[in-house]
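Heads up, the thing below is written out as structure tokens.
The values are calculated or read from the model by the stated rules, or taken from the named source; none is laboratory data. Note that the structure is a prediction, hence the values are computed from the model and not measured. Glycine also receives a Cβ, built like all others from the backbone with ideal geometry; neighbour counts cover every protein chain displayed.
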Amino acid sequence: MLYPRLLLKILNNFDEINALLRGIIELTYLKTWNATFIEKFYGIKRVSSIPILSNSPSILATNSKKYDELKKLTTLQIIISLIDAVGIPYVASKTERFHERLIPQYLLNTITVNIPPNGQDIEEEKENRKNQQFSLKLISIWCKLKRILKDSFFKYYPTVKLVLKLITLLLNILYLSNKTSSISIIQLLSKISYSRITQLDHMRVEEQLSSPKSRISTSVNVPPTLSSTLFSNIQSLSQPLCKMAWATTDTILPVSIFLLKFLEWYNSNRNSQNKKDDDSNNFVTPIVPSIVPIDALTSTEINDSISTHDSLCRICHQEMHNPAIIETGYVFCYKCIYEYLRDQPKEQGGRCPVTDRRLLGCSWGDSRNEWIVRGLRRVII
């Protein structure tokens, strides 16, 4: 990965960078269209909820342009709309994560607020630094206040969140039933409602992009300077670029969002399908090796020497007493198999007497000079 320090800083501050970029885009759209990016995509704008000419359709028809200017958002309403579109979701996500971090601390009762030491440590600190008594008291008060605020936030945050969601749901229902013109609390308090983007809005934006902003000099006899000529040339080039930028922004951003969502759906669907195919088709049954060697199965002499009746021990060839099973699955007398495994030489011991396979539960003890036997399991018959 190139430049890991820079990329880690960007990743750690992704929410802030995302909120900043969204804020720039939303502020530009609010100043130009009185709408956010998504609202502009659906042909909706925000207007001031002022009851001007609402009961006079004839006056509204004759003065539609003036009425549209009066219904434009003020600077304060644009700032409030920006907070509603960017600030509130950012704060909500941060508070939700903070509450999730507090849950395990309160469940385990391990929450700390970095309170300074008490008792003898504070007394020694006061004796050594008498001039810092007031600062220590302030720090102690601040830590207690932080603890109280954390407790209050942890207790009342779910309730406040539920109340706000219920109020927003009620406003949405009232908006759908045409009882109110706002869909959130902040819009209701700031008197912001919604309306359709009309042809007048497109004409107004077109005039803003095409109108010259340079001030023409009143002195006709004064020849143009190099700076004024350069500025006029730059301005003449910037106007088509601004138009092209708006056109590409209105087209590229919705298309990019659609493609991103489509790729997310396609990748999730493909991953789930591949996982299903791997679980059903690519399962290979492992080949388990035989416990008894092939030579023992084919040779009649070896087969006769190791074969015995189920009730007889393969070591003492007598009736089993206190049967025990080992790792290879064979059953012997507990005393016979324990002494057999324990008394074997170091180079040849620790193996099954039937299959000659190494037993994982057996290890050589140098201090005892014998095999340490583990892994024997008694069998209840």
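Is it the case that some residue within segment 6-16 is at pLDDT 80 or above, under 24 Å from the mean Cα position of the chain (by Cα) and outside any helix (DSSP H, G or I)?
Within segment 6-16, one or more residues are at pLDDT 80 or above, under 24 Å from the mean Cα position of the chain (by Cα) and outside any helix (DSSP H, G or I).
Cβ-Cβ below 7 Å, separation at least six or inter-chain, first residue in segment 129-149 and more than 28 Å from HIS99 (Cα to Cα), second modelled with pLDDT under 80 and of a type outside the set (A, V, I, L, M): which pairs?
From residues that are more than 28 Å from HIS99 (Cα to Cα), the pairs are GLN133/LYS126; LEU136/PRO116; LEU136/GLU125.
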